[in-house]
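Derivation of every value follows stated rules applied to the coordinates shown; laboratory data play no part. As the structure is a computational prediction, the values presented were derived from the model and not from experiment. Cβ coordinates were reconstructed from backbone atoms using ideal geometry, including for glycine residues, and neighbour counts include every protein chain displayed.
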Amino acid sequence: MFATLLPFLFLSLAGLKISSAADSECDAQCRGKLSSSWEIEQHASTDSSFYTVPSDFSSDLPAGSLLHVEEATDLSNYAVPSGLTMSRIIYTTSDLNGTILPASAYIIWPYTPAEALNPGNRGNGYPMVAWGHGTSGAQPLCSPSNYRNLQYHFMAPFLLALQGMAVIAPDYAGLGVDKLPSGEHFGHLWGAAPAQANDLANAIIAARAAFPNYLKPDGPFVAMGHSQGGGAAWAFAERLVDKPIKGYKGTVAFAPPANLIVNAEQAIMNPSEPWASTILGSQPRLIDAVTVAFPSYNYSGMSMEAYDRWSNIIQPLSGCLPTETLVFSDMAWEDLAQPDWTKDETVQTYSKMIDTGRKKFKGPLLVLAAEKDTVVPLDSIVSVVDDTCQLSKREHWGESIEMVTYAGMNHFSVIQASQIKWLAWVKERLSSSPSHAKPGCVKSAVEGFRTQYTPDVGFPNFLEGWASPDEFWKYLL
């Protein structure tokens, strides 16, 4: 998600054989077609007409404007649990420069609202969670709203809805919707947390406009996100300082990266660290994001071979994370990008634009981290939390941060391991009388029970054994 790049730990498997390729050597083009075909099977529909932007879209519209509503999504090919229903919307959002763009989002509706959160007050609408997903890819077909399991399934959106909360989840600009009515294409700013924070905020505003009887203008909501979405959730809390949204009750950030350019720089300097392989494998997508923000940069940080595969395989196939992983699986990390590409002036400008943390925010903010995270290094999360806490204390922000680290857990397993903490926290914040969040910072660690027997994997799909070892990439969707 930024998330799901762990399998780049397998980059050293040169000459990878794919069992489905009849035991013959499968080159990058072959691997791309194999994986993208499998990805398409995981989509709820091959009909992309929903993501077509209405002709009345205008860049002069305010962010958060509602463009289209699909009131009841056909769930016959989704894995959404019985009793839950789904809607989708297209709305306006803004990028890092404030340019208005169209974007898509889904809403999962509970069977019944969480009465215990607001007893006797059904007329107040549904409590809401704004969910920021982790990395799905950088191409149009990588929109979680068209994934049969909505990408995070029972890890977050299904669970929250089954507990009586409405879940509003943006795909992020450039995923799903990627064209203006004129036909002009725009890309996805992968890992640009402030941009994805805009997508979260504007999805809330548009969803309330689409369903005013169920989502009240001042109804209670919490923001949540994991990995790329964790960074987006944190940036969302920062955004609220200047652009408040009524009903806000707090933010949960799982494994949030503060700055992917900085993480890449650290990985280049420390390639043997357990988390470095994942970050180094993400270089092509990160360079693509810089190009989306600054077209004149024109992928100049990519190696010729990586650019050839990106432009001639991944982009034409609209390949998502599994496809990216397989297409680059026989390339060493040093061969994915130009030496010192992060030192380029444009890249450094982009780095400053996406920086998250060490800024004023609206809390309470709950940060949940994994001791053995092989995607977002724990030290980087600790550093940004500590620095933000010091700033808050020195400048008297009066906000609350709590960080909990889970021993023995990895990038995705921390979501399940911490569920007893965050689910209770979310319910308490959404209740009719949440407790006052005490200003200041609290850090703690959970040791866990029998963690020595826990499978040490970082895959997003918790269904271990779903795929054979040589099809590890199937865990990435």
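Over 20 Å intervals from 0, what percent of Cα-Cα pairs in the chain sits in each interval?
26, 61, 13, 0
Can you tell me what share of the DSSP beta bridges in the chain is antiparallel? A percent to the nearest 5 is fine.
Close to 45 percent.
Sorting L326, L365 on the 10 Å Cβ count, fewest up front, what's the list?
L365, L326
Using just the helices of the chain, give the 222 nm mean residue ellipticity in deg cm²/dmol: DSSP H runs with n ≥ 4 each add -39,500 (n - 2.57), and the total is spread over all residues, rounded to 500.
Details: 13 runs with 136 residues, N = 477.
So the calculated ellipticity at 222 nm is -8500 deg cm²/dmol.
Hey, what did the stretch 151-219 get for relative contact order, percent, Cα under 8 Å, at least 6 apart? If you can, show how the numbers build up before the last one.
Details: 39 pairs, mean separation 16.1, N = 69.
With pairs under 8 Å counted, the relative contact order is 23 percent.
For the stretch 251-339, what's the relative contact order in percent, using C-alpha pairs closer than 8 Å and at least 6 residues apart?
25
What share of Cα pairs, in percent, lie more than 11 angstrom apart in the stretch 300-345?
Of the Cα pairs, 66 percent sit more than 11 Å apart.
Once you list every other residue whose beta carbon is under 15 Å from the beta carbon of S59, what net charge do they have if Lys and Arg are +1 and Asp and Glu are -1?
Values: positive: K179; negative: D56, D60, D95, E184.
Net charge in that neighbourhood comes out at -3.
Given +1 on the Cβ of Lys and Arg, -1 on the Cβ of Asp and Glu, and no further charges, what dipole in debye does the chain carry about its Cα centre, rounded to the nearest 20?
So the dipole magnitude of the chain works out to roughly 1820 debye.
Can you list residues from other chains, or at least 5 along the same chain, whose modelled amide H is less than 5 Å from the amide H of G134?
It is H226, G229, by chain and number.
What FRET efficiency comes out for the pair Q419/Y453, r = Cβ-Cβ distance, R0 = 25 Å, nearest 0.05?
On the way: r = 19 Å, r/R0 = 0.75.
It comes out at approximately 0.85.
So what's the net charge close to D386: Lys and Arg +1, Asp and Glu -1, counting the other residues with Cβ under 12 Å from its Cβ?
+1
Check T85: other-chain or 5+ apart residues with amide H under 5 Å from its amide H, H built from backbone geometry?
W109
Near Y248, within a Cβ-to-Cβ distance under 14 Å, what is the net charge of the other residues, with Lys and Arg +1 and Asp and Glu -1?
Once all neighbours under 14 Å are counted, the net charge is +4.
From Cα pairs below 8 angstrom and at least 6 apart in sequence, can you work out the relative contact order of the stretch 293-411, rounded to a whole percent?
26 percent.
What is the fewest-to-most order of V446, V426, V376 by other Cβ atoms lying within 10 Å of their Cβ? Mind dumping the intermediate values first?
Values: V446 19, V426 22, V376 28.
Neighbour counts put them in this order, fewest first: V446, V426, V376.
Which order results if F154, F221 are arranged by neighbouring Cβ count within 10 Å, fewest first?
F154, F221
With θ set to phi - 60°, apply the Karplus curve 6.51 cos²θ - 1.76 cosθ + 1.60 along the stretch 431-436 and write out the HN-Hα couplings as whole Hz, x wherever there is a Gly or Pro.
Using θ = phi - 60°, the values come out as 5, 5, 9, x, 5, 6 Hz.
What lysines could a cross-link reach from K438, if we take a straight Cα to Cα line under 30 Å and drop same-chain neighbours fewer than 8 places away?
K438 reaches K216, K243, K246, K249, K359, K360, K362, K372, K393, K421, K427.
Across the stretch 241-258, in residue order, what do the Karplus-derived ³J(HN,Hα) couplings come to in whole Hz, using 6.51 cos²θ - 1.76 cosθ + 1.60 with θ = phi - 60° and x for Gly and Pro?
Going residue by residue, I get 4, 9, 10, x, 10, 4, x, 5, 10, x, 9, 10, 10, 8, 6, x, x, 7 Hz, with x marking Gly and Pro.
Could you state the per residue volume, in Å³, of the convex hull enclosing the Cα atoms of the stretch 109-221? Please report the intermediate quantities before stating the final value.
On the way: hull volume 12.4 nm³, N = 113.
Normalising the Cα hull of the stretch 109-221 by residue number yields 110 Å³.
Per residue of the stretch 327-343, in order, report the coupling 6.51 cos²θ - 1.76 cosθ + 1.60 (Karplus, θ = phi - 60°) as ³J(HN,Hα) in whole Hz, putting x for Gly and Pro.
Once θ is set to phi - 60°, the couplings for the stretch 327-343 become 4, 9, 5, 9, 10, 6, 4, 5, 8, 7, 9, 6, x, 6, 4, 6, 7 Hz.
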